[in-house]
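Working notes for the structure below.
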Amino acid sequence: MHHSGHGMDGMNMDLPPFTLGRGLAFGGDAFFLVGCVLALALYGWAVVRLRRRGDAWPAGRVVAWALGVLTVAVSMCTKLNDYGMVMFSVHMVQHMIVSMLSPILLLLGAPVTLALRALPAAGRGRKGPRELLVALLHSRYMRVITHPAFTIPLFIASLYALYFSPLFDFLMQSRAGHIAMMVHFLAVGLVFFWPIMGVDPGPHRPGHIMRILELFAGMPFHAFFGIALMMASEPMVTTFLHPPASLGIEALGDQQAAGGIAWAFSEIPSVVVLIALVFQWYKSEERVSQRADRAADRNGDKELADYNAYLASLHARGR
């Protein structure tokens, strides 16, 4: 990537002061900062509640949830967020983390299961938070938004429809638009990976093979999106057309880097999820065989008891 020439510096003179002035003055996004703190606090409260009751909650899930929240915080509440407003490559790092890494970690934390176990039941005939959550999980709305026929096209559309249309530039003009876009990425990642990870109860419980197929259905589109950005002969979005001169980058080179990031990143979650899936599969097979063994043991014991009873009856008769 070569240093931009004097023409670029000239252009930057009339850039809105927001990009360099106000933008870099505040590293984080208050909205995400509050969200992350709340997410950790509520999860912590629920775990403590279970422990006090004497119920166990796996430490691995706590670690996964904390890491998930941390990845969102690093993307949205640090200097990375400021550079993401003026550099396509950094924005793409944020997008990939928030839509593909954070959701996987958060889902491995099993927040729905934790909420169902920690929230008190409201009592007969009444509706509390727990009852509302159960109703939502069983709702038709949930069935639709977690169905692969919805999640896979949504996952793909939030790449192509956003970046290859004027929508992206429109959203990037304001903080609110940027926040809305990032929340959308996180939400899409969560509904896409939720049925695939299968840690929490949900409307769709596909088998392990189906989950692996669902996972791979979206990935080629993701890789192709990255390649399209890398191959483009001109900048695709106007937001990053004139990077600040101080960064010494050029828009097209930065866009190619963004494409490379999108392409490479689509492989990482696939591998993580695949490992998690194979592990879950192994565990569930193990449980099934243990159940079978236990049943066989019980049958064996019963047969032995029957045989002893039969011998005893013969013995009695012989007397």
Requested in this report: Would you tally the net charge around LEU106, using a Cβ to Cβ cut-off of less than 11 Å, leaving LEU106 out, and scoring K and R as +1, D and E as -1?
Outcome: 0
Query raised in the report: Near LEU119, within a Cβ-to-Cβ distance under 11 Å, what is the net charge of the other residues, with Lys and Arg +1 and Asp and Glu -1?
Result: +2
Report summary line: In nanometres, the difference between 0.36 nm per residue of separation and the alpha-carbon distance of ARG53 and LEU311 is 87.9 nm
Query raised in the report: In what order, largest first, do PHE150, PHE32 sit by accessible area if the probe radius is 1.4 Å?
Result: PHE150, PHE32
Query - Within the accessible area of the range 132-249 (1.4 Å probe), percent carbon and sulfur - result: 75 percent
Requested in this report: Treat each spin label as a single point 7 Å out from the Cα along the C-beta direction, and report the VAL74 to HIS208 distance in nm.
Outcome: 3.0 nm
Query - Additional length obtainable on full extension of the chain from SER246 to PHE224, 0.36 nm per residue less Cα span - result: 4.8 nm
Report summary line: Rounded to the nearest Å, the spacing of the alpha-carbon centers of the range 60-80 and the range 122-139 is 30 Å
Query raised in the report: the range 180-218 to the range 283-319: how many Å between their Cα centroids?
Result: 44 Å
Report task. Springs between alpha-carbon atoms under 10 Å, Gaussian network over the chain: tell me which of ALA176, ALA217, ALA262 tops the mean-square fluctuations. Result -> ALA176
Report summary line: Given unit charges at Cβ for Lys, Arg (+) and Asp, Glu (-), the dipole magnitude of the chain about its Cα centre in debye, nearest 20, is 2180 debye
Query raised in the report: Just the accessible area per residue of the range 207-319, please: how many Å² with a 1.4 Å probe?
Result: 61 Å²
Query - Gaussian network model of the chain, Cα within-10 Å springs - most flexible of ILE104, ILE179, ILE275 - result: ILE275
Query raised in the report: Which net charge results when you count Lys and Arg as +1 and Asp and Glu as -1 among the other residues whose beta-carbon is under 14 Å from that of MET142?
Result: +2
Query raised in the report: In whole Å, what three semi-axes, largest first, describe the equivalent ellipsoid of the range 103-209 built from its Cα gyration tensor (square root of 5 times each eigenvalue)?
Result: 30, 18, 13
Report summary line: Per the rule of 0.36 nm per residue minus the C-alpha distance, extending ASN299 to LEU67 adds in nm 78.9 nm
Requested in this report: Indicate the helices, whole DSSP H runs only, in the chain that combine a mean Kyte-Doolittle hydropathy of 0.0 or more with a Cα extent along their long axis of 27 angstrom or more.
Outcome: 30-53, 175-197, 208-231
Query - Size of electric dipole in the range 29-188: Cβ of Lys, Arg +1 and of Asp, Glu -1, about Cα centre, debye, nearest 20 - result: 1000 debye
Query raised in the report: Applying 1/(1 + (r/R0)^6) with R0 = 41 Å to the Cβ-Cβ distance of ILE268 and PHE164, what FRET efficiency is obtained, to the nearest 0.05?
Result: 0.95
Requested in this report: Can you grab the distance from the C-alpha centre of the range 221-237 to the C-alpha centre of the range 239-271, Å, no decimals?
Outcome: 10 Å
Requested in this report: Go through GLU286, GLU131, GLU234 and list them by solvent-accessible area, largest first, probe radius 1.4 Å.
Outcome: GLU234, GLU286, GLU131
Query raised in the report: Among GLY128, GLY202, GLY68, which one shows the biggest mean-square fluctuation in a GNM of the chain, springs joining Cα atoms closer than 10 Å?
Result: GLY128
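The values are calculated or read from the model by the stated rules, or taken from the named source; none is laboratory data. None of the values given here were measured: they were computed from a predicted structure. With ideal geometry, Cβ positions are generated from the backbone for all residues, glycine too; neighbour counts draw on all protein chains shown. The protein model used for the area step is the full one, side chains on, heavy atoms only, and it has no ligands, DNA or RNA in it. Shrake-Rupley method; radii C 1.70, N 1.55, O 1.52, S 1.80 Å.
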